[in-house]
1. Which residues, counting only those in the range 226-244, are under 22 Å from the mean Cα position of the chain (by Cα) and surrounded by 14 or more Cβ atoms within 10 Å (Cβ to Cβ)?
2. Residues that are assigned to a loop (DSSP other than H, G, I, E, B), surrounded by 16 or more Cβ atoms within 10 Å (Cβ to Cβ) and in contact with a Pro (Cβ under 7 Å, 6 or more places away or on another chain): does the range 291-298 have at least one?
3. Check whether at least one residue in the range 194-204 is surrounded by 17 or more Cβ atoms within 10 Å (Cβ to Cβ), under 19 Å from residue 324 (Cα atoms) and of a type in the set (A, V, I, L, M, F, W, C), and report yes or no.
4. Name the residues in the range 232-260 that are at pLDDT below 95, in a loop (DSSP other than H, G, I, E, B) and over 17 Å from residue 141 (Cβ atoms), would you?
5. Condition first: of a type outside the set (A, V, I, L, M), farther than 24 Å from residue 250 by Cα and in contact (Cβ under 8 Å) with a residue 40 or more places away in the chain. Now tell me which residues in the range 167-185 satisfy that.
6. Within the range 260-288, work out how many residues are surrounded by fewer than 17 Cβ atoms within 10 Å (Cβ to Cβ) and within 30 Å of residue 171 (Cβ to Cβ).
7. Does the range 107-138 hold any residues that are assigned to a helix (DSSP H, G or I) and surrounded by 14 or more Cβ atoms within 10 Å (Cβ to Cβ), and which are they?
8. So in the range 273-285, with the set limited to residues that are in contact (Cβ under 8 Å) with a residue 12 or more places away in the chain and hydrophobic (A, V, I, L, M, F, W, C), which one is farthest from residue 263 (Cα to Cα)?
Amino acid sequence: LQLEESLRKSHRALTTAVTSINRLLTLLGEDENIESLLREMTHARDRLAEQRDWLERFIAGIDDDFVYWAKTYKNFSYANLLLNAAYIDIMPLIHEKLFAAKKTVVLTSATLAVNRDLKYTADKFLLAPEEYLASINASPFDYAHQSLIAIPNDHKDYSKTSDFEYTRTVVNDLKQLIPAVDGDMLVLFTSYAMLNKVQQALKEDQRLSDYRILAHGQDGSRTSLLEALQDGGKTVLLGANSFWEGVDVKGASLRTVVITKLPLTPPTMPVESARNDLLKSQGKNAFAANSLPQAVLRFRQGCGRLIRSASDRGCIIILDNRVLTKSYGRTFLNSLPEQPVWTDSVANLARKLKDWHGR
């Protein structure tokens, strides 16, 4: 109630400001010599009016197409309140503005298929079977000989592991794997918190002092970090979010991609939670219809950072044992090109990968 009253006060203040500016604009409009000021004030009025309208919608919360949430964060000596509003499902709007408005739309990507099928993508864009043609073309790369997948099978059940314990497991794994493949590695995270803790632990280990351990958000811009990886020199790049896609490093500068966790969006996130509730109300399984296929596509994007040319050679290491222990794990593996899959203890995998890399 206190938050709602504060928001209503803010709304009243914005309304008063917009009204006052409107009155002033009327007076200024009669003077032809202050055109520039008039334009600036009109723009400011429109911005304030937009914020007032959004705040009114946030307080009312009656638009079923949106999910609303508030978030606080501290910055030095003061705290900020961030109000958010987002479409629960933006696809009806995309379908109306794009697919229904155009005679022909072509979608092409290396990561449209889930479990080697395009039905999820078509359903996501609200396309009926008779409305589209689909084709999945074979990759030009020889994955069976250019790459392999390595999965440790000596981890605890992920669902029974705390974040602290899992972070420690990832650190211990990387301490064995980095020397085995001699760096030139991209490690993908779903959490900045885990990324920062892992980097700190790796940099404190004197056995890894010969390697450059660079972290997204800590050691430079995305561009400079990718340039450092491209330069080679025993580099290990720890990346999150944007590093799961758009990374195009060819050759020996990137020979290993590590997936620390399957990129499943936490169901407690506001938009994800609202979307799952919507799917449940439609009688659908929210995990199977939304969370899993989205994660599979993200997973494929991450794995796709490895083989970028016909001469590339390298390995994908998946540290998350859910690909082995959960029934849905096979969906992730089936969505990748066919290639050798090794499952063994981390220590044995490290030895095998060292031999495979010819070291």
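1. 226, 229, 236, 237, 238, 239, 240, 241, 243, 244, listed by residue number.
2. No, the range 291-298 contains no residue that is assigned to a loop (DSSP other than H, G, I, E, B), surrounded by 16 or more Cβ atoms within 10 Å (Cβ to Cβ) and in contact with a Pro (Cβ under 7 Å, 6 or more places away or on another chain).
3. No, because not a single residue in the range 194-204 is surrounded by 17 or more Cβ atoms within 10 Å (Cβ to Cβ), under 19 Å from residue 324 (Cα atoms) and of a type in the set (A, V, I, L, M, F, W, C).
4. 232, 233, 234, 245, 246 - these are the residues of the range 232-260 that are at pLDDT below 95, in a loop (DSSP other than H, G, I, E, B) and over 17 Å from residue 141 (Cβ atoms).
5. Taking the range 167-185 first, the residues of a type outside the set (A, V, I, L, M) are 167-169, 172-173, 175-176, 179, 182-184.
Cutting the leftovers down to farther than 24 Å from residue 250 by Cα gives us 167-169, 172-173, 175-176.
Of everything in the range 167-185, those that are of a type outside the set (A, V, I, L, M), farther than 24 Å from residue 250 by Cα and in contact (Cβ under 8 Å) with a residue 40 or more places away in the chain turn out to be 169, 172, 173, 176.
6. 5
7. Kept after step one, since they are assigned to a helix (DSSP H, G or I), are these residues of the range 107-138: 119-124, 129-131.
Passing the criteria: 119, 120, 121, 122, 123, 124.
8. Across the range 273-285, the extreme among qualifying residues is 278.
The values are calculated or read from the model by the stated rules, or taken from the named source; none is laboratory data. Because the structure is predicted, anything quoted here is derived from the model rather than measured. Every residue, glycine as well, gets a Cβ built from its backbone with ideal geometry; the counts of neighbours run over all protein chains shown. With ligands, DNA and RNA removed, areas are computed over all heavy atoms of the protein, side chains included. Shrake-Rupley method; radii C 1.70, N 1.55, O 1.52, S 1.80 Å.
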